[in-house]
Amino acid sequence: MNIFRILGDVSHLLAMIILLLKILKSKSCAGISGKSQILFTLVFTTRYLDLFTTFISVYNTVMKVIFLICAYITMYMIYVKFRKTFDSENDSFRLEFLLVPVTGLSFLENHSFTPLEILWTFSIYLESVAILPQLFMISKTGEAETITTHYLFFLGLYRALYIANWVWRYYTENFYDQIAVVSGVVQTIFYCDFFYLYVTKGR
């Protein structure tokens, strides 16, 4: 653990909480891609199955549980509580275009061919592209006003801090996880596109 990892986790959590508060305050899911949230929920679910097999630390366990709770509450808000405000017509990205190649890649390129390791790898690859349905939706509608500047800021900060975390661990621990780093860089590139779309279309 280092300060960049901790701040990255906090930033990610704040982004999720901000999104939830946005939905609750406006009582609307307009402009939010439910399909991206499905993918993020799948990311957390497959990544944190080790909660049942491995104890790392209290911090690690608590953060995993909170991420899972926030993800499933967001899903409930979009598809149950405020489903009438959900723009399903414009949230039309074909998830199989992401799920099929990500599943195949997780079987082909992983650290070890075990169920939990494959699911962890699947979650890493999937997280790198999970924002694409949201990007597609914004491109299609030309609107980004329901995604707040604070939400975008903390998502971007989360990625920036995790890059700093990888650099720190490489120089201090000689640790390098190629799967996580490459997937993280890809994800960061997509978020840069997200910021660009927000600035150009969200005003």
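Restricting 23, 18 to residues that are modelled with pLDDT of 90 or more and in contact with a His (Cβ under 7 Å, 6 or more places away or on another chain) narrows the list to 18.
For the stretch 126-140, what are the residues that are open to solvent by less than 60 Å² (accessible area, probe 1.4 Å) and either of a type in the set (D, E, K, R) or within 14 Å of residue 189 (Cα to Cα) (or both)? If the condition is that a residue be open to solvent by less than 60 Å² (accessible area, probe 1.4 Å) and either of a type in the set (D, E, K, R) or within 14 Å of residue 189 (Cα to Cα) (or both), then 127, 128, 129, 130, 131, 132, 135 are the ones that fit. When the stretch 97-122 is limited to residues that are assigned to a loop (DSSP other than H, G, I, E, B) and closer than 20 Å to residue 44 by Cβ, the one that is most open to solvent (accessible area, probe 1.4 Å) turns out to be 111. For the stretch 71-84, residues that are among the hydroxyl-bearing types (Ser, Thr, Tyr) and either without any contact (Cβ under 8 Å) to a residue 12 or more places away in the chain or closer than 12 Å to residue 24 by Cβ (or both) total 2. Of all residues in the stretch 1-16, those satisfying the criterion of being exposed (fewer than 15 other Cβ atoms within 10 Å of the Cβ) and without any contact (Cβ under 8 Å) to a residue 60 or more places away in the chain are 1, 3, 6. Has the stretch 56-69 got any residue that is touching a Ser or Thr at 6+ places or on another chain (Cβ under 8 Å), under 17 Å from residue 131 (Cα atoms) and at pLDDT 95 or above? Checking the stretch 56-69: not a single residue is touching a Ser or Thr at 6+ places or on another chain (Cβ under 8 Å), under 17 Å from residue 131 (Cα atoms) and at pLDDT 95 or above.
If you go through the stretch 24-33 one residue at a time, do you hit one that is among the basic types (Lys, Arg), in a helix (DSSP H, G or I) and either closer than 20 Å to residue 117 by Cα or open to solvent by less than 10 Å² (accessible area, probe 1.4 Å) (or both)? No - not one qualifying residue is present in the stretch 24-33. Residue 164 meets all of the listed conditions (1) open to solvent by less than 80 Å² (accessible area, probe 1.4 Å); (2) at pLDDT below 85; (3) over 22 Å from residue 20 (Cβ atoms) but one, namely (2).
The values are calculated or read from the model by the stated rules, or taken from the named source; none is laboratory data. On a predicted model such as this, the values are computed, not experimentally measured, just so you know. Glycine gets a Cβ as well: all are built from the backbone with ideal geometry, and neighbour counts include every protein chain shown. Each accessible area value is taken on the protein alone, full model and side chains, heavy atoms only, with ligands, DNA and RNA left out. Shrake-Rupley method; radii C 1.70, N 1.55, O 1.52, S 1.80 Å.
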